[in-house]
Amino acid sequence: MASETPPPPLRVASVRSALDAVEGPLSGYHHQTYVFPLPAEAGAGLAGRWKCREPREKLLWFDRRCFESEERLLYDLQKRIDVIPEVARVSGVDLQRFVEGSTLSALHPSNRTVPDALFDQIPGLFRQLAAVTASSLPVERICRPEDRAEEGDSAGFLEGLVRFVQTQVYEQNLSDYKDLFADLGLQPEAFEYLRERVKGLRRRPFCLLHADLHRENLVVDPDGKLWVIDWELAMFGDPLYDLATHVYLMRYPVVQERQLIQRWCRVVEEVRPGSSESWRDDLPRLLDFKKAQSAFTDVIRASRSLDVEGRFERRRLSPAARKVWKVLSAAAEPLGLEPVPDPLATEAALLRWRDARTRT
């Protein structure tokens, strides 16, 4: 299948005429987003509000990236996955249509039931993802071929994710966080414990994964349709990993989580038989990985949240410590952490780390 060519650049004047109505930056974790209207003369079907994004400065990436460009990926996907907002190139700039509406998180926060009218749309997304394979989507990838697991090698795929967390999150940040990691019990041997805990995944046919499907990345428009945004972490791999990530991040109530898993199994098997192979054994392993991953990433994020524009915000210390304590408690078994520091000890560790950095 040939890669779809993006539409040609439109007149520069069409964009300039909209600059007095720019809204933003709207901050997300990975990007700052700018929203502006395009006038009718910009081109057929392009009237309305669009967005462009810029990467945030000094951003730490805690997840593997697979594709050279999110926009190039979306050009090829927008006719295959019907919940991707339209993409267009205007005056050499890649834009995505801005979905007027609210995030699912704003309407129905974590741990709350997702209404049936919205919940019923989620399995359909997984159905469409399962149909997209690496051979059918020849978009340029930035990951080295030797770092890609062989088709169906779910265990190799997960080992690549564990190795990324170990080398690019833990070891890459040791110069700044070694003492804090040690205070919290996050030692190098935790990775060997994790590998032993998650080994033995069964083979499943690979497909496209969004890899970040949570309530902030699901937008509800005024007609009640769910749209999916932020595809920068998309990759090819084990479909059960996408389910694990979604379940872990969505925080469904127990009954609805079970319903989602059952419906996921049904739709992916209809598209690619074998996609749900051994899910009862392997989903807990993948959830253990997600808990372990969060232990490292959230320690770094929480510690960085203590300073705002170079000034220590003490009021942030207690909430940051409680967040770290929660993720460490969740990751205690996957990482072999014993004992887990209590919230006061976690707060003290964060404060020692911050004071030590101030003195250097």
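What to note about this one:
- With respect to the conditions (1) within 25 Å of VAL324 (Cβ to Cβ); (2) in contact (Cβ under 8 Å) with a residue 40 or more places away in the chain, LEU260 lacks only one, and its number is (1).
- Close contacts from the range 279-303, counting a first residue that is closer than 28 Å to CYS265 by Cβ and a second that is assigned to a helix (DSSP H, G or I) and among the basic types (Lys, Arg), with Cβ to Cβ under 7 Å and a gap of 6+ residues or different chains, come to ASP288/ARG197.
- Near pairs, Cβ below 7 angstrom, 6+ apart or cross-chain, from the range 99-127 (in contact (Cβ under 8 Å) with a residue 24 or more places away in the chain and of a type outside the set (Gly, Ala, Ser)) to any residue that is part of a loop (DSSP other than H, G, I, E, B) and open to solvent by 70 Å² or more (accessible area, probe 1.4 Å): GLU100/PRO222; ASN111/ARG251
- Matching residues in the range 151-205 - criterion: being assigned to a loop (DSSP other than H, G, I, E, B) and either under 19 Å from VAL327 (Cβ atoms) or at pLDDT below 95 (or both): LEU184, GLY185, LEU186, GLN187, PRO188
- Every residue from the range 113-127 that is buried (at least 20 other Cβ atoms within 10 Å of the Cβ) and under 19 Å from ASP76 (Cα atoms): LEU125, PHE126
- Only one of VAL254, VAL267 that is crowded, with 18+ Cβ neighbours inside 10 Å and among the β-branched types (Val, Ile, Thr): VAL267
Quick grid of which residues meet (1) in a helix (DSSP H, G or I); (2) modelled with pLDDT under 95:
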residue: GLY224; (1), (2): no, no
residue: TRP227; (1), (2): no, no
residue: ASP230; (1), (2): no, yes
residue: PHE236; (1), (2): no, no
residue: TYR241; (1), (2): yes, no
residue: THR245; (1), (2): yes, no
residue: LEU249; (1), (2): yes, no
residue: VAL255; (1), (2): yes, no
residue: ARG258; (1), (2): yes, no
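- Filter pass, SER329 being open to solvent by 40 Å² or more (accessible area, probe 1.4 Å) and among the small types (Gly, Ala, Ser): yes
- Helices (runs of 4 or more DSSP H) lying entirely in the range 275-360 (those with 3 or more residues that are over 24 Å from the mean Cα position of the chain (by Cα)): 343-359
- The set of residues in the range 155-192 being out of contact with any strand residue (DSSP E or B) (no Cβ under 8 Å at 6 or more places or on another chain), under 22 Å from LEU240 (Cα atoms) and in contact (Cβ under 8 Å) with a residue 24 or more places away in the chain consists of ALA155, LEU158, GLU159, GLY160, LEU161, VAL162, PHE164, VAL165, GLN166, PHE191.
Conditions (1) in contact with a Cys (Cβ under 9 Å, 6 or more places away or on another chain); (2) surrounded by 18 or more Cβ atoms within 10 Å (Cβ to Cβ); (3) under 30 Å from ARG354 (Cα atoms), marked per residue:
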residue	(1), (2), (3)
SER91	no, no, no
ALA106	no, no, no
ASN111	no, no, no
GLY152	no, no, no
PHE157	no, yes, no
VAL169	no, yes, yes
LEU180	no, yes, yes
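The values are calculated or read from the model by the stated rules, or taken from the named source; none is laboratory data. What you see is a predicted model; the values in this text were computed from it and never measured. Cβ coordinates were reconstructed from backbone atoms using ideal geometry, including for glycine residues, and neighbour counts include every protein chain displayed. The protein model used for the area step is the full one, side chains on, heavy atoms only, and it has no ligands, DNA or RNA in it. Shrake-Rupley method; radii C 1.70, N 1.55, O 1.52, S 1.80 Å.
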